[in-house]
Amino acid sequence: MLVLSRKPSERIQIGDDIEIKVISVDGDQVKLGIAAPKSIDVHRYEVYEAIIKENNQAASSKEDVLSVLKNL
């Protein structure tokens, strides 16, 4: 893991397309601005974990969705 120190309004560039800017630091809270292409999903980590969990649950569903739809 790369660890960098940045001050407010300083930036980090990831590749050609992603820029992270430190907007402000207030005590133990850091506000970041992230500029990335719309094709790249940007989520808080806890939201990302919830998405992964929900996708895994949907993929491991015991019911065969096609057979349910056939019976409609």
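The values are calculated or read from the model by the stated rules, or taken from the named source; none is laboratory data. All values reported here derive from a predicted model rather than from experimental measurement. With ideal geometry, Cβ positions are generated from the backbone for all residues, glycine too; neighbour counts draw on all protein chains shown.
In region 26-55, which residues are at positive phi and in contact with a Ser or Thr (Cβ under 8 Å, 6 or more places away or on another chain)? Steps first, please.
First pass over region 26-55, keeping only residues at positive phi: 27.
Scanning region 26-55 gives no hits.
Pairs only if they're at least six apart or on different chains, beta carbon under 9 angstrom, first in region 32-60 and under 30 Å from V22 (Cβ atoms) and at pLDDT 95 or above, second of a type in the set (S, T, Y) and assigned to a loop (DSSP other than H, G, I, E, B); list them, first residue then second.
Listed pairs, sorted by first residue: none to list.
Considering only region 26-36, I want to know if a residue exists there that is of a type in the set (S, T, N, Q) and either touching an Asp or Glu at 6+ places or on another chain (Cβ under 6 Å) or surrounded by 10 or more Cβ atoms within 10 Å (Cβ to Cβ) (or both).
no
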